[in-house]
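The values are calculated or read from the model by the stated rules, or taken from the named source; none is laboratory data. All figures in this text were calculated on a predicted structure; none of them were measured in a lab. Ideal geometry is used to build each Cβ from the backbone, glycine not excepted, and the neighbour counts take in all protein chains shown. Accessible surface areas use protein heavy atoms only, side chains included; no ligands, DNA or RNA. Shrake-Rupley method; radii C 1.70, N 1.55, O 1.52, S 1.80 Å.
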Amino acid sequence: MEYKSEIKNCQNCKKDFTIEPEDFKFYEKMKVPPPTWCPECRMIRRFSFQNSWNLYWRNCDLCTERTLSMYPQEDKIKVYCAKCYWSDKWDDLAYSMNYDSTRSFLEQIKELGQKTPYPALESLYTSLINSNYSNALAWSKNCYQVYWTDFCENVYYSSVLNGLKYSIDCLRGFESELCYESIGFSRCYNLFFSEECDDCLNVYFSRNCYGCTNCIGCVNLRGGSNCIFNVKYSKEEYELKLKELNLDSWKNIKEFKKEAYRFWLSKPYREYNGHSLNLNVTGDHVYTSKNSKDCYIVNGAENCKYCQIITVAPAKDCMDYSGWGNNAELIYEANQIGENASNVKFSMISSSELFNSEYCIWNSVCKNNFGCVNLKRKQYCILNKQYTKEEYEKLKEKIIEDMKKNPYIDKLGRKYYYGEFFPIEFSKFPYNKSNAMRFFPKTKEEALREGYSWSDKEDTFHESSFGADFLPEKIIDTDESILGKIIECEKCKNGFKIVKGELDLLHKINLPVPHLCPKCRENERFERMTKPKMYNRKCMKCNIDIYTPYSPDRPEIVYCVKCYQQEFV
C-alpha cells in the first residue's frame, strides 16, 4: 500500500501536525492507529509520567523502614523500598481484577494502579552496588545522587550518564573519567568546566573541541594542544601560563568561567550537536545513529523517530520512545523501558526483558501482558489476572475492540481510544515535580489549564552552619572536618553537605569545594543544555535554511554544517 502525507490537528494543543508515509508504515508494522496528539504534546505527556530528579524520604509500606522515594509520604499509594519490592515477600497477582466490558479499560488500569505497591525508586536494584541515594539507574557502583545513569562508578551529583567514572557534577557524560562540571562529552579524561567535547585530555573551560590535549578556554578546535583561548603556545609556555591562571582557586575559577563563556559566544555554533558517524539523522545530541529523525540525546539509534534520552545503545525501529535503550526494538509510545525489550506499546517504567506488552506499568522480565501494573516474571496476564494463552489472546482482542468504541474521556474532554498513551491525569507526579518541567517549563496556570496537576509544597529547607564565603579558597586547605558541616548555598541559601567520596575526588583533581548546593548546580547545567525542540531558521553565514535547537532569539552565532566545517574542520 502506498501512503501519502496527512495533516492532522492535535487533540491537545489544536495545532496541525504532519504524519509522513514512513510513519504510517511504522504504525502498520506495530498494528496501531495513527496518533491524535502532535509529536511535542506526546513527548511532554510521556515526560510528565517520569520523576527522576525529585526525591523524598518516606517509610516503606512493607518493612516500615525509612527509604528515599520518588513519592512523598503524603502520596496515598503503596510504596515499597527497593529491597522489599524486588523480594518475594508479596504477590503481584493478589491484586488481579476481572475485566469489566461496561467500563473504560484505561479506567480499570487506573484503579489497579491505585492498589498495587510501587518501588520507591526507579532503579534496577539487583544490578546496583552501594548506590542507594540515586534514581533511574542500573549497573552502577558507588554512585551518589546520580540520575538516569548506567554502568557508572564513583560518580556524584550527575545526570544522563553511561560509563562515567570518578566524576562530579556532570551532565551527558559517556565513557570518561575524572571529569568535573562538564556537559556533553565522550571518551575524555581530566575534563573540567567544558561542553560538547570528545576525546580530550587535560582540558578546561572549552567548548566543541575534539581530540585536544592541554587546552584552556578554547572553542571549535580539532587536535589542538597547549592552547589558551585558541592561541597556540609551546609546552613550556603553556605550563607557565597554567600556573599563572591559578585554576585551583574558587575565585579564579568563577571569574575565568565568565570570560570563557563570553569567548564561546564570539565563535559560531554548529546548527546541531552530533558527529560524523551519524547517517541520515535530525535532532540534537544524536550520536552513532542512522535513519533516525527528530531525536534528542540518542546513542546508537537505527530507524527511530521522536525518541529521547536513549543513553545505552542500541535502539532499533522505535517511535515516540523516551528513555533507556540497551538493545530495545519495536517500542512505541513508551518511556523508560529497555534492556532487551521488544514489541512494547503504550507502557512505561519497566525493567529489562519486556516482550509483547501493552498498557503495562512497572513490569519486569515479563512477556505477553496487557494492562498490568507491577508484575514480575509473568505472562498472559490482563489486569494482573493470569490466563491461558488462548484465553489471553481472545480477551485481549475483545478489549482492544472495546477501547476503539468506548474511549476514556478525561476532565478536559480529550478522548483516549486504543493507540493512545495513558491520559495526563493518570500520572503520579505533579507537573512541576516531573521530568516534563525539566525540559518544558510551565507556570502553574499553564499546567493546570492543560490538565496536569501541580504541587505547592516547598522543598525541604536545611539551616546552615556557615556561609559559602567562609569555605577555603583551595582544596588543599580543606580537610575532613568539613564533612559534618552544613554549608549555605550562595544562590538559594539552602544548606548542603559535602560527602566523603566527593571530597576525596576534589582533592584528586585539585579543585575547590563548590559554593552552590547540588540542586542549584544541577539547574545551571540543565539551563545551559539545549532542549528537545527544533526550529527552522537561517544559517548566519550563507543564509540557507537550517533545522536547529537554537531558537532565533538566542545569542549564539549559528552556522549550517557546511559553513561550520569549512571554517573549523
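A few comments on the model shown:
- Which of Ser104, Trp264, Tyr321, positive extreme of dipole for the chain (C-beta unit charges): Ser104
- Computed over the Cα atoms of the range 91-206, the ratio of the radius of gyration to the Kirkwood radius (Rg/Rh) comes to 1.25.
- Put simply, the convex hull of the Cα atoms in the range 369-416 casts, on average, a shadow of 4.0 nm².
- Dipole magnitude for the chain: computed about the Cα centre from +1 point charges on Lys and Arg Cβ and -1 point charges on Asp and Glu Cβ, it is near 840 debye.
- Helix 250-265 vs. the chain, principal-axis angle (Cα, 0 to 90°, nearest 10): 70 degrees
- Taking all protein chains as they are arranged and a probe of 1.4 Å, the heavy atoms of Trp139 leave approximately 110 Å² accessible to solvent.
- Peptides 178-186, 514-522, 115-123 ranked from most to least packed by the mean count of surrounding Cβ atoms within 10 Å: 178-186, 115-123, 514-522.
- Selection of chymotrypsin sites (Phe, Trp or Tyr not before Pro), the range 524-567, meeting DSSP coil and at most 14 other Cβ within 10 Å: none
- Surface analysis of the chain yields an accessible area of 42 Å² per residue, using protein heavy atoms and a 1.4 Å probe.
- Dipole magnitude of the range 42-167, debye to nearest 20 (Cβ charges: Lys/Arg +1, Asp/Glu -1, about Cα centre): 280 debye
- Equivalent ellipsoid, the chain (semi-axes from 5 times Cα gyration tensor eigenvalues, Å): 42, 30, 20
- Cα centre as origin, Lys/Arg/Asp/Glu Cβ charges: the range 420-535 dipole, Debye: 400 debye
- Calculated from the alpha-carbon coordinates, the range 1-127 shows an Rg and a Dmax of 19.9, 59 Å respectively.
- Solvent-accessible surface (1.4 angstrom probe) belonging to Met437, in square angstrom, nearest 10: 50 Å²
- Where His462, His275 fall by accessible area, highest first, once all protein chains stay in place (1.4 Å): His462, His275
- Pairwise Cα distances in the range 253-412 exceed 23 Å for 51 percent of all pairs.
- The chain, helix-only ellipticity at 222 nm - DSSP H runs n ≥ 4, -39,500 (n - 2.57), divided by all residues, nearest 500: -6000 deg cm²/dmol
- The Kirkwood hydrodynamic radius of the range 526-569, based on inverse pair distances between different Cα atoms, is 11.1 Å.
- For the chain, with +1 on Lys and Arg beta carbons and -1 on Asp and Glu, the positive-most of Trp139, Trp362, Asn523 along the dipole: Trp362
- Accessible carbon and sulfur surface of the chain relative to its total accessible area, %, 1.4 Å: 49 percent
- On Cα atoms only, tilt of 518-528 relative to the major axis of the chain in degrees: 90 degrees
- Options Phe421, Asn162, Ser551, ranked by Cα towards positive dipole end of the chain, top entry (Cβ charges): Phe421
- Cα point-scatterer Debye curve for the range 194-244, base-10 log of I(q)/I(0) at q = 0.26 Å⁻¹: -0.87
- Three-way shape label, the range 410-569, alpha-carbon gyration tensor, a/c 1.5: oblate
- Nearest-ten-degree value, helix 235-245 long axis tilted from longest Cα axis of the chain: 80 degrees
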